[in-house]
Amino acid sequence: METDDVPEGAPSADTAARVREVIAAAGVSQREFARRIVMDPSKLSRSLSGTRRFTAAELARIADEGQVDAGRLLGARPREQAPAAVAPVEGGRPLQIVRETVRLIAEHGFHAVRVADIARACATSTAAIHYHFPGRADLLEAAVRWCMDEDTDRRAARLASADDAVAELAQLIELQTPRTAQQRRQWAVWLDLWAEAARSTAVGRLHAEYYRQWRETVADVVRRGVAQGVFRATVDPQAAALTLTALIDGLATQVLASGTVGTGPDAMHTALETHVRTALLVAP
């Protein structure tokens, strides 16, 4: 149960009110705060409304982001002596842990990464890692969520820079082509997490939600292209999105699995452009 980590008798309503104060003091939206503490926005909303109780790890991350004592969120009396000052970490300790986890997964694979490796990369202790993320499953779920948020932000920026649906689709294809070190690292993480999605219910739900959002983004671009007259009127946007997603995933897997000529990022990009030209674009 999600409430197992919360001490018995914890005043959930008062705790929710204190968390709202922390969010207000942060000066950001509730959704942005959820992103910063690597928490499902819907879980944060339910916890704030009183239909769900915060876990101890979630309160730890909230306290870290808000720079308050975790005990204060539960109504404990202020400590007589403040803890020793800790050097600030960009984005806060939870995000640092998740970023380093993602980097290590990309380099070594999730099952080869130990909590001690993450602690070493963050220059902290394993106890500090467990304080924010009690188990490996929590770390994996947070890593998936962080990758989803990063990809969504990059996707929005790409679409905003395009002039029409053809340019939008070209930007999405470029975003998914593993040319740069960052893109290859992101794909390496996704490849490693696909297998976990088949075994983990939580990761599987996130995986399904990510692909739903991605396919809907592509389908919306195709619909705009049909309305603009640049894509064929007979094109089914949902089917087009499904096909393009399958092509991207398959080709990207080949690119990462082989560095030989013919399966590199340029060949992948050319194949995707050819598909768009022959299956979607209105003939000149």
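The values are calculated or read from the model by the stated rules, or taken from the named source; none is laboratory data. Nothing here was measured: the structure is a model prediction, and the numbers come from that model. Counting neighbours? That spans all protein chains shown, and the Cβs are built from the backbone with ideal geometry, glycine included. Keep in mind that these areas ignore ligands, DNA and RNA; they rest on the heavy atoms of the full protein, side chains included. Shrake-Rupley method; radii C 1.70, N 1.55, O 1.52, S 1.80 Å.
What to note about this one:
- Some residue of region 148-169 being more than 13 Å from the chain's Cα centre (by Cα), open to solvent by 50 Å² or more (accessible area, probe 1.4 Å) and within 22 Å of A267 (Cα to Cα): yes
- Of all residues making up region 145-193, the number that are touching a Pro at 6+ places or on another chain (Cβ under 6 Å) and of a type in the set (F, W, Y): 1
- A count restricted to region 179-222 and to residues that are within 23 Å of G264 (Cα to Cα) and among the hydroxyl-bearing types (S, T, Y) stands at 1.
- V255, sole failed condition from (1) surrounded by 15 or more Cβ atoms within 10 Å (Cβ to Cβ); (2) touching a residue at least 24 places away in the same chain (Cβ under 8 Å); (3) out of contact with any Pro (no Cβ under 8 Å at 6 or more places or on another chain): (3)
- Close pairs (7 angstrom Cβ cut-off, 6 or more residues apart or separate chains): within 24 Å of Y211 (Cβ to Cβ) in region 224-245, open to solvent by 50 Å² or more (accessible area, probe 1.4 Å) and part of a helix (DSSP H, G or I) anywhere: G225/V166; P237/R223; A241/R215; L242/R215; T245/R215
- Of residues in region 238-252 being open to solvent by 30 Å² or more (accessible area, probe 1.4 Å) and within 10 Å of A219 (Cβ to Cβ), the one farthest from the chain's Cα centre (by Cα): A239
- Residue selected from region 171-188 under the condition polar (S, T, N, Q) and in contact with a helix residue (DSSP H, G or I) (Cβ under 7 Å, 6 or more places away or on another chain), by the criterion surrounded by the fewest Cβ atoms within 10 Å (Cβ to Cβ): Q171
- Meets criteria (outside any helix (DSSP H, G or I) and either more than 21 Å from the chain's Cα centre (by Cα) or of a type in the set (F, W, Y) (or both)) for V235: yes
- Boolean, R136 is buried (at least 17 other Cβ atoms within 10 Å of the Cβ) and basic (K, R): no
- Of all residues in region 189-214, those that are open to solvent by 20 Å² or more (accessible area, probe 1.4 Å) have Cβ atoms under 6 Å from Cβ atoms of residues that are not in a helix (DSSP H, G or I), 6 or more apart or on another chain, in D192/G109.
- Candidate set from region 18-53 (those that are assigned to a loop (DSSP other than H, G, I, E, B) and over 19 Å from A128 (Cβ atoms)); member that is most open to solvent (accessible area, probe 1.4 Å): T51
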